[in-house]
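Next up is a structure, given as structure tokens.
Where a number appears in this text, it was derived from the coordinates with a stated rule and is not lab data. Nothing here was measured: the structure is a model prediction, and the numbers come from that model. Virtual Cβ from ideal backbone geometry, glycine too; neighbours counted across all protein chains shown.
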């Protein structure tokens, strides 16, 4: 009996699906009703159920048993044997049996999530993102960019195609739609000499969100949901913004706010997780 | 004019569909790992990060969970891009024996062991919180105005939100800002998605 229980316990530890229900010890008083010392052994069964709580840690490990865990979860029912101990009114040990009842509370396998254990380094990167619209607006080799890293960005590997895209935009817009603005300039001969890329590069290269705790949050100091990040980015790509690059055309990075973005439909929550339900 | 704006459209169309929606053919073909937006900001000693995926093209009323997908919230603390992130928080999804989806978060700042819990529920972790679930897409952009701009040849934005009512699957992390920054006062954050290789 003892050996069987320990075997069950071992399996239960792996399964570990009932951990959170551990607090259910109220049945203990029933045990107090009893006086039959020998039956205390049943109480020990209950202790097995208590160990089931430890099993929750095993779930965290999750590296193990995979699909078989579902079946292991059924072992939680074995913990219910401990409840028998309580019902038996077997001395003080019966209280331990009450812990066993915890095992009975668990649905077999429920909550015992199984995760892949492959080394992250072996996965194939499909997408990456930080600065909004960078890939979509100014990157030509989109898949390669998505599979790449900020380390590559920092080598200015994408500066050439960013500059070519900026030239596209300015050729299309400067003479008419941006006629009332002072656009920044693009230099196709010496890409890094252009005012536009001098403005854009510090913002989007490398492609990450810089979050400075010593300054108020708000794009481009990080990106808060609801920030007009696209319109700010468009201003930096299209207009000659004061304080950015080498020339000052009298614009601020906020001069296009409202062009394409007004307000999100989603009501942002004031507390975690912030994003609104559908 | 229309010709030139068509060129502009080609350059910006991905941006019109969302900040990072449909930004590359490979990602667009695989919504579970197609990132739509990444947000990161600080507030009151906390660092928050959001990674959204499975956007407008795959809108559902339930989250899109894939056990073979891997998501990374990369946190650089030394401003040196060349050596990568000093910490990467990895997120995976997995099912239990009765088909409920859960999330596992490893390398969560301040938590020694992986953080595990059910989706669609705020999970309390050592040093913070984790949430995964379907959310209203927080990205907003006047795509209709953009289309009008194309057809009329003039900028015609009205500011209306084309993404109203569209959903994404969100990963939201609430972290101790100081721990995430390894004691510093700033971080650089980006998100990635990856797929588990198929073993022959």
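Which distance in nm do the two modelled labels at residue A:179 and residue B:185 give, with both placed 7 Å along the Cα-to-Cβ direction?
Each label point is offset 7 Å from its Cα along the Cβ direction, giving 4.8 nm.
Moving on. Summarise the partner chain shielding of A:173-183 as one whole number: the mean count of Cβ atoms from other chains within 10 Å of each residue's Cβ.
2
Residues of segment B:165-200 with the amide nitrogen closer than 20 Å to a label point 7 Å from the Cα of residue A:157, along Cα-to-Cβ, please.
Within reach of a label on residue A:157, which here means backbone N under 20 Å from a point 7 Å along Cα→Cβ, segment B:165-200 contributes B:189-195.
Moving on. Take the Cα of residue B:78, step 7 Å along the line toward its Cβ, and report every residue of segment B:110-126 whose backbone nitrogen sits under 11 Å from that point.
In segment B:110-126, the label zone of residue B:78 (backbone N under 11 Å from the point 7 Å along Cα→Cβ) covers no residue.
Right, another one. Taking each residue in A:225-234, count the Cβ atoms of any other chain within 10 Å of its Cβ, then average. What number comes out?
Rounded to a whole number, the mean comes out at 4.
Please compute the modelled spin-label separation between residue A:190 and residue A:214, points set 7 Å along Cα→Cβ, answer in nm with one decimal.
Calculated label separation equals 3.4 nm.
Inside 10 Å of the C-beta atoms of A:202-211, what's the mean count of C-beta atoms belonging to other chains?
Mean partner shielding for this stretch: 6.
Determine, for each peptide in B:177-184, A:247-254, the mean count of other beta carbons within 10 angstrom over its residues, then list the peptides with the highest first.
Averaged packing, sorted descending, gives the order B:177-184, A:247-254.
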